[in-house]
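K.L.:
Sending over a structure as structure tokens; questions will come in a sec.
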Amino acid sequence: MRRCLFYFTLFPQDFDIPARRLITLWVAEDLVQPEGENETPEDVAERCLNFLIAQGMVQVTKKKLNGNVKMVRLPDALRQYWSSKAQQATFLGVHTNTRSELSLGTSRIRRLVDHLDKEDISFDHIHGDYNTTSTSLTPYYEDVFSFLSFDTRKESKPGEEVETFFVKAYPAVASYISSGCFLVLLVLDLENVFRPKLPEAIGKLTRLRYFGLRSTFLEIVPSSISKLQNVQTLDMKHTSINTLPDSIWKLQQLRHLYLSESYRSKLMLGQGTNFPTILQTLCGLFVDEETPVRDGLDRLLNIRKLGLTMSSKQEAMSLQLQAVVDWVLKQKQLRSLRLKSIDENNQPWDLELKPLVSLVNLSYIYLLGRLRNPSIISQFPYSLVDLTLSASGLVEDPMQSLGRLPNLRSLKLLAKSYLGKNMLCSFGAFPQLRVLKLWKLEQLEEWNVEKGALQALRDLEIRFCRSLKILPAELLHRTLWKIEVIPAHT
């Protein structure tokens with residue numbers, strides 16, 4: 001627990017840390033250990049974070065619409081205390097990071113963090129003003145467990161300097177890595193570093209467990225990435241990478257794979273591909289007629305978070321939709337499901353689904369596409385907390401079915417999700433709903449809310465519902481935290 005708190009001190013002061021990022025970093029560095037046979041390290045890390053929040057030792061700075069924790073930080077009043085404790089415990093290393101107190105031979109850096117601080121001895125090494133050979137730097141960096149960069153300058157320099165730091169040439173040896181630096185690295189987190197240039201030598205970091213490239217807008221990764229046999233988290237969300245080789249599946253310890261949804265990230269899959277069976281997260285994958293879902297991806301049965309965009313020629317897409325649905329129903333641990341179905345022109349297309357009521361752990365659903373079987377909205381699991389529907393093409397009022405979901409806290413009905421004129425929230429409907437968003441329901445003319453419905457509602461947002469002239473009378477007497485109504489353009 002103490003080391004988990006120490007980890008907060010690696011981040012800049014007043015920096016909002018994504019809970020998702022923190023949990024996977026803790027797991028990568030073995031700061032938490034599963035206790036039960038069916039428990040994962042991520043379960044323990046999440047429980048640890050919630051405990052620290054409950055004890056007032058960690059501050060929640062942002063929540064998701066469904067109430068879950070999104071961003072956290074160490075309270076200012078505790079930061080200095082835990083920074084001091086981390087130094088005493090040599091969590092960072094045996095020095096205090098400033099060049100005035102660092103001498104060669106007493107400088108075993110354990111966790112290297114780039115805050116763009118010119119007082120840090122590593123600043124010159126990373127940013128190019130240190131005039132020496134890589135051999136002389138080996139004592140500094142041969143025992144580094146983690147490297148986190150917070151160089152968020154939006155220009156080419158950050159990416160070039162990352163490359164220089166890792167591969168600066170010197171006589172007889174091609175890179176710092178080859179000289180023995182970073183070979184025990186567990187964490188390489190370059191989130192938000194603009195287009196880091198990664199060398200092929202990255203494949204020598206065979207102990208690496210966490211490789212964070214989110215929001216780097218990187219365009220290509222080295223082919224040697226397939227040699228990182230111990231990687232657990234590979235995060236390439238918000239990059240410009242659209243194709244990955246099938247060698248990515250050689251990473252048999254892979255637990256979390258985030259791809260870039262907007263760039264239609266495809267995985268090239270060969271015959272007999274051996275998938276990492278412990279994969280829990282697969283987000284941002286683009287599925288077309290060439291993607292082997294049946295007798296391929298459907299061998300992945302431990303998925304907790306799944307995000308797919310499906311697009312193809314219409315005749316081929318129907319079979320793929322069926323295969324994806326059958327695969328989804330096998331995911332008994334599934335907690336989060338994001339499915340988008342689009343045609344060749346990037347417009348919403350048919351979305352095939354079967355009843356999901358058997359997925360009792362499923363709490364988040366996002367669906368984009370015209371529902372071929374609209375009755376499935378009455379067959380969502382009672383565990384559902386957060387639901388978004390877009391372009392669903394529903395002609396019957398969905399509120400009658402959705403209002404019975406006892407744990408639903410956030411509901412978003414987006415453009416063309418409902419095509420009817422009337423909507424009714426009956427007495428007792430939506431007992432836990434806190435957030436309701438209605439966007440571009442252009443045919444909606446009348447919305448009625450009975451007494452006793454939407455009792456927990458705090459946040460109401462209505463956008464571009466051109467035919468809806470007045471709010472329900474029942475809501476006008478409520479005290480809500482937020483009401484936002486944006487009229488349609490005339």
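K.L.:
What tally of residues in segment 383-403 results from selecting those that are touching a helix residue (DSSP H, G or I) at 6+ places or on another chain (Cβ under 7 Å) and among the polar types (S, T, N, Q)?
P.N.:
So the count comes out to 1.
K.L.:
Moving to a separate point now. List pairs: first in segment 1-29 and more than 21 Å from residue 209 (Cβ to Cβ), second open to solvent by less than 10 Å² (accessible area, probe 1.4 Å), Cβ under 8 Å, 6+ apart or cross-chain?
P.N.:
16/72
K.L.:
Follow-up question, since we're still on this one. Condition first: assigned to a loop (DSSP other than H, G, I, E, B), at pLDDT 90 or above and in contact with a Ser or Thr (Cβ under 9 Å, 6 or more places away or on another chain). Now tell me which residues in segment 72-95 satisfy that. Step through it out loud before you land on a result.
P.N.:
Taking segment 72-95 as the starting set, the residues that turn out to be assigned to a loop (DSSP other than H, G, I, E, B) are 74-75, 89-92, 94-95.
From the residues that got through so far, the ones that are at pLDDT 90 or above too are 74-75.
Hit for segment 72-95 is 74, nothing else.
Residues are listed down the side, and each one gets a yes or a no for (1) in contact (Cβ under 8 Å) with a residue 24 or more places away in the chain; (2) touching a His at 6+ places or on another chain (Cβ under 8 Å):
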site	(1), (2)
214	yes, yes
217	no, yes
222	yes, no
234	yes, yes
241	yes, no
253	yes, no
256	yes, no
259	yes, no
265	yes, no
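K.L.:
Give me the residue from segment 57-71 that is part of a loop (DSSP other than H, G, I, E, B) and at pLDDT below 95 and, out of that set, nearest to residue 27 (Cα to Cα). Walk me through how you get there before you give the answer.
P.N.:
Of segment 57-71, the ones part of a loop (DSSP other than H, G, I, E, B) are 57-58, 64-68.
This time we only want the ones that are at pLDDT below 95, so: 64-68.
Values: 64: 22, 65: 26, 66: 25, 67: 24, 68: 20 Å.
My answer is 68.
Let's see how each residue does on (1) closer than 30 Å to residue 38 by Cβ; (2) of a type in the set (Gly, Ala, Ser); (3) out of contact with any Asp or Glu (no Cβ under 6 Å at 6 or more places or on another chain):
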site	(1), (2), (3)
246	no, no, yes
256	yes, no, yes
275	yes, no, yes
307	yes, yes, yes
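K.L.:
Then there is this: Give the residue that is farthest from residue 409 (Cα to Cα), with candidates limited to residues of segment 480-490 that are part of a strand (DSSP E or B) and either polar (S, T, N, Q) or open to solvent by less than 70 Å² (accessible area, probe 1.4 Å) (or both).
P.N.:
Let us first name the residues in segment 480-490 that are part of a strand (DSSP E or B), namely 482-486.
Next, from what is left, pick out any that are either polar (S, T, N, Q) or open to solvent by less than 70 Å² (accessible area, probe 1.4 Å) (or both): 484, 486.
On the way: 484: 18, 486: 22 Å.
Per the criteria, the residue is 486.
K.L.:
Could you tell me which residue of segment 409-426 is farthest from the chain's Cα centre (by Cα), considering only residues that are open to solvent by 60 Å² or more (accessible area, probe 1.4 Å) and touching a residue at least 60 places away in the same chain (Cβ under 8 Å)?
P.N.:
Quick first cut of segment 409-426, residues open to solvent by 60 Å² or more (accessible area, probe 1.4 Å) only: 409, 416, 419, 421-422.
When the remaining residues are screened for being touching a residue at least 60 places away in the same chain (Cβ under 8 Å), the result is 409, 416.
Values: 409: 20, 416: 27 Å.
Within segment 409-426, the match that is farthest from the chain's Cα centre (by Cα) is 416.
K.L.:
If I filter segment 257-266 for residues that are buried (at least 18 other Cβ atoms within 10 Å of the Cβ), acidic (Asp, Glu) and at pLDDT below 95, do I get at least one hit?
P.N.:
Yes - at least one qualifying residue is present in segment 257-266.
K.L.:
Would you check which residues across segment 466-479 are open to solvent by less than 100 Å² (accessible area, probe 1.4 Å), closer than 13 Å to residue 440 by Cβ and not hydroxyl-bearing (Ser, Thr, Tyr) and list them? First the steps, then the outcome.
P.N.:
First, the residues of segment 466-479 that are open to solvent by less than 100 Å² (accessible area, probe 1.4 Å): 467-468, 471-475, 478.
If we keep only those that are closer than 13 Å to residue 440 by Cβ too, we end up with 467-468.
Selection gives 468 alone.
K.L.:
Specify the residue that is modelled with the highest pLDDT; the eligible residues are those in segment 240-256 that are more than 18 Å from the chain's Cα centre (by Cα) and open to solvent by 10 Å² or more (accessible area, probe 1.4 Å).
P.N.:
Top of the filtered list is 253.
K.L.:
Do you know which of the residues in segment 52-83 that are of a type in the set (Lys, Arg) and within 25 Å of the chain's Cα centre (by Cα) is least open to solvent (accessible area, probe 1.4 Å)?
P.N.:
Step one: of segment 52-83, the residues of a type in the set (Lys, Arg) are 62-64, 70, 73, 79.
Checking the rest, the ones that are also within 25 Å of the chain's Cα centre (by Cα) come to 62-64, 70, 73.
Numbers: 62: 104, 63: 124, 64: 98, 70: 83, 73: 50 Å².
Among those that are of a type in the set (Lys, Arg) and within 25 Å of the chain's Cα centre (by Cα), it is 73.
K.L.:
Oh, and also: Out of (1) more than 18 Å from residue 187 (Cβ to Cβ); (2) part of a loop (DSSP other than H, G, I, E, B); (3) at pLDDT 85 or above; (4) open to solvent by less than 40 Å² (accessible area, probe 1.4 Å), what's the single condition that is false for residue 107?
P.N.:
(3)
K.L.:
Return the residues of segment 267-285 that are farther than 19 Å from residue 211 by Cβ and either at pLDDT 90 or above or touching a Phe, Trp or Tyr at 6+ places or on another chain (Cβ under 6 Å) (or both); say none if nothing qualifies.
P.N.:
273 - this is the single residue of segment 267-285 that is farther than 19 Å from residue 211 by Cβ and either at pLDDT 90 or above or touching a Phe, Trp or Tyr at 6+ places or on another chain (Cβ under 6 Å) (or both).
K.L.:
Another question about this same structure. Filter segment 191-218 down to residues that are at negative phi and in a loop (DSSP other than H, G, I, E, B), then give me how many there are. Spell out the reasoning first.
P.N.:
To start, the set of residues in segment 191-218 that are at negative phi comprises 191, 193-194, 196-214, 216, 218.
Pick out the ones that are also in a loop (DSSP other than H, G, I, E, B) and you get 191, 193-194, 196-199, 205-209, 213-214, 216, 218.
Within segment 191-218, residues that are at negative phi and in a loop (DSSP other than H, G, I, E, B) number 16.
Each row is one residue, and each column tells you yes or no for (1) in contact with a strand residue (DSSP E or B) (Cβ under 8 Å, 6 or more places away or on another chain); (2) of a type outside the set (Val, Ile, Thr); (3) within 20 Å of residue 20 (Cβ to Cβ).
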{"position": "250", "(1), (2), (3)": "no, yes, no"}
{"position": "279", "(1), (2), (3)": "yes, yes, yes"}
{"position": "286", "(1), (2), (3)": "yes, yes, no"}
{"position": "303", "(1), (2), (3)": "yes, no, yes"}
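K.L.:
Give me the pairs: first residue in segment 40-62 and without any contact (Cβ under 8 Å) to a residue 40 or more places away in the chain, second residue of a type in the set (Asp, Glu), beta-carbon distance under 8 Å, and six or more apart or on different chains, which are they?
P.N.:
Pairs found: 44/35.
K.L.:
Identify all residues within segment 361-401 that are among the β-branched types (Val, Ile, Thr) and either within 22 Å of residue 69 (Cα to Cα) or crowded, with 18+ Cβ neighbours inside 10 Å (or both); write none if there are none.
P.N.:
Within segment 361-401, the first condition is being among the β-branched types (Val, Ile, Thr), and the residues that meet it are 365, 376-377, 385, 388, 395.
365, 376, 377, 385, 388, listed by residue number.
K.L.:
Hey, any hits in segment 449-465 for a residue that's open to solvent by 70 Å² or more (accessible area, probe 1.4 Å), under 33 Å from the mean Cα position of the chain (by Cα) and modelled with pLDDT of 95 or more?
P.N.:
yes
K.L.:
Moving on. Any residue in segment 128-156 that's closer than 19 Å to residue 198 by Cα and open to solvent by 20 Å² or more (accessible area, probe 1.4 Å): show its pairings with residues that are of a type in the set (S, T, N, Q) and at pLDDT below 70 at Cβ separation under 7 Å, as long as the two are six or more apart or on different chains.
P.N.:
128/164
The values are calculated or read from the model by the stated rules, or taken from the named source; none is laboratory data. Since this is a predicted model, take the numbers as computed values, not measurements. Neighbour counts are summed over all protein chains in view; Cβ atoms, including those assigned to glycine, are modelled from backbone coordinates with ideal geometry. Note: areas computed on protein heavy atoms with side chains; ligands, DNA, RNA excluded. Shrake-Rupley method; radii C 1.70, N 1.55, O 1.52, S 1.80 Å.
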